[in-house]
């Protein structure tokens, strides 16, 4: 276990380094914004003396490194943290529910395809999955709204809203379409990769042994091929987080949900660059922590990995 | 690719029906988006609320959109940005990733680990987020979008190319060439690069799909930031038409995105199959999928 801890520490250090680089890049980008901040803040009341005073208060003439550390310090003020957390949680809910639904669907699909490989159904499923991969997620979301909220008025067209006292049933109902959209956008690429992983496992010696001792194809896939194939699955899921986030931004807009993506779009639309930079950092942190979790899980799941 | 058999892949390629399907689709989209507007541009850019959301007619085969503009004409122009910037972004990302992948596989120990650490870091940041932030600061330009995509998407290609390069590095034929005194550059040019062709084409397709989708998403959510408009901004502008009965204003631009991606995919898969001596496709069924 000692080696495992050391591995985790190494990964955590790497994570911090990545975040430091991302934050520095974001800070520099924001710094490149055109315009004289004190002058614009004062507007019509600007006099040279006032501009100088405000410039000193804001610290815009300080060395870049000092400004950066000040900015970093501001990010951790309790009020801002609470506000950011309130938009991070809905996004995490969407990500985990969508990811979970995509995982179950694509594993089921992939093992079905692997069992029926070469058949017409296998090919048809592959083509349908590929088509969903090529369609923009926001378009798929709009289509789902059109079908299941407009033509068949079964489900609400918008995602859950951050209203206090919202009942649980309505929350789940409102989550169905956004989660389905994210899952559809993700299933396509996952099921293809999972299918390849299962097929690799099916070609292995131990599967031939399992077949030779007379197990049914279903048992072979379920008990012998699925487990080793789960390892690449963990990696793929971890690596898909940035792509899923791309879709989350679109989905939060389509279903007018509160979250990191819609807040970012709102901040940019409202020219609140400081908020936008903050949100980008949080998003980078979420994906980085996600991939760290995936790597840790991988290390646990693969008995061959030794932490020497 | 062996030199003697240089003509064979092209001959094989021309025998694949799916290649011609992809080629046909792609050429259709090219003509539709770039030649079409030259001849057909009635009311494409004239806002006229009086004729908003007209049903299809002889004058407007696909009706008009919310602002009363000719939907068919706008669909044509709306394809330009996804096609050219998608291709350019994918080429940029593939080229950059290819170079850095070979460097990451062939370089010394420090070079190798630095390229991969940088790749890991870049890969972790969602592209839509980066594009939105940078565009909001420097203003929207399609060139900028292409540049950002290439600079953020290369690790995907670099990882694969690096893995392939590392595997090629220890193959007997590379060893043999090295033993004959071939220099590093010659090894890479004559023995490694030709064998990376398949992987490069494969990642190009992935990059193109991702580029088109990233362009689509950023255009869709960032529609308030301004031009250049394309199929995605059209979907955003006409969203409400979906509920008032003009569904085609939303359905068609989305399907055109898929058509574009599929056409490039079909061509690329056929090229891969034709140039890969191990994977022969039967000429008749010609299924690269």
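Nothing in this text is a laboratory measurement; each read-out follows from the coordinates by a stated rule. Keep in mind the model is a prediction, meaning the values are calculated, not measured. Note that we place each Cβ from the backbone using ideal geometry, even for glycine, and neighbour counts take in every protein chain shown.
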Seminar exercise, completed: On the formula 1/(1 + (r/R0)^6), with r taken between the Cβ atoms of residue A:227 and residue B:31 and R0 of 45 Å, the FRET efficiency rounded to 0.05 is 0.30
Problem set entry | 10 Å Cβ neighbours from other chains, averaged over peptide B:112-125 | 4
Exercise. Of A:241, A:292, A:17, which has the largest mean-square fluctuation in a 10 Å C-alpha GNM of chain A?
Worked result: A:17
Exercise. In nanometres, what is the gap between the two model label sites at residue A:203 and residue B:95, each 7 Å from Cα along Cα-to-Cβ?
Worked result: 3.5 nm
Exercise. By how many degrees, between 0 and 90 and to the nearest 10, does the Cα long axis of helix A:260-269 differ from the longest principal axis of chain A?
Worked result: 40 degrees
Exercise. Which angle between 0 and 90 degrees, to the nearest 10, do you get for helix A:226-239 versus the longest principal axis of chain A when only C-alpha atoms count?
Worked result: 20 degrees
For this session: Quote to one decimal, in nm, the extra length available between residue A:271 and residue A:211 on full extension: 0.36 nm per residue of separation minus the C-alpha distance between them.
Result: 15.3 nm
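When you look at the Cβ of every residue in B:201-211, what mean number of other chain Cβ atoms sits within 10 Å?
Counting other chains' Cβ atoms within 10 Å and averaging over B:201-211 gives 1.
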Problem set entry | For chain B, built as a Gaussian network whose Cα springs stay under 10 Å, the top-fluctuating residue of B:103, B:212, B:146 | B:103
For this session: Rounded to the nearest 500, what is the 222 nm mean residue ellipticity of the protein assembly as shown from helices alone, with -39500 (n - 2.57) per DSSP H run of 4+ residues and division by all residues?
Result: -23500 deg cm²/dmol
For this session: Determine the shielding of peptide B:129-140 by partner chains: average, over its residues, the number of Cβ atoms on other chains within 10 angstrom of each Cβ.
Result: 6
Problem set entry | Percent RCO, i.e. relative contact order, over chain A, from Cα pairs under 8 Å lying at least 6 residues apart | 26 percent
Exercise. Relative contact order for the stretch B:1-88 using alpha-carbon pairs under 8 Å, separation at least 6, rounded to a whole percent?
Worked result: 24 percent
Seminar exercise, completed: If the label point sits 7 Å along Cα→Cβ of residue A:116, residues of the stretch A:127-157 with amide N under 14 Å come out as A:127-129
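Between residue A:127 and residue B:178, take the C-beta separation as r, use R0 = 51 Å, and let me know the FRET efficiency to the nearest 0.05.
For R0 = 51 Å, the calculated efficiency reads 0.70.
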Exercise. To the nearest 10 degrees, how steep is helix B:109-123 against the longest Cα principal axis of chain B, on a 0 to 90 scale?
Worked result: 20 degrees
Problem set entry | Förster radius 25 Å - calculated FRET efficiency between residue A:196 and residue B:23 (Cβ-Cβ, nearest 0.05) | 0.40
